[in-house]
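The next block holds one structure in the form of structure tokens; read it before the comments.
Every number in this text was worked out from the coordinates using simple rules, so none of it is lab data. Bear in mind that the values here come from a model prediction, so they are computed numbers and not experimental data. As a convention, Cβ positions derive from the backbone with ideal geometry for all residues, glycine included, and neighbour counts pool all protein chains shown.
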Amino acid sequence: MCLSKRIALFLATFFVLSLLVTVAEACPGCKEAIAENDLQGQRVARGYFWSILFMMSMPFAILGTFGTYFYVEVRRARRDQQQLERQETVPKHEKS
């Protein structure tokens, strides 16, 4: 199957699925906690909010941490390799 046919199939599938999507509602616990206007219900809703926010941010935090670590390691290895190459290119009478 050529690339243009795959892209057309993907777009057609995406379009059909987007027509079938309905509005998502909050889970019953969140919905009821917000609906009751008491302090405890609002605290539960706030707890749900923060836990969902925390769970959604974790993949980005983990990937960002590992990405930064590997970026720093690659730069450090390149710097060390360049320093080694510079040392090898210095003539022997200049080393002493």
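Observations, loosely collected:
- Length released on extending from LEU20 to PHE49, taking residue separation times 0.36 nm less the Cα-Cα span: 7.7 nm
- With the cut-off at under 20 Å, measuring from each backbone N in region 37-72 to a point 7 Å along the Cα-to-Cβ line of GLU85 picks out 71-72.
- Once the chain from VAL74 to SER4 is taken as fully extended at 0.36 nm per residue, the excess over their C-alpha distance is 21.5 nm.
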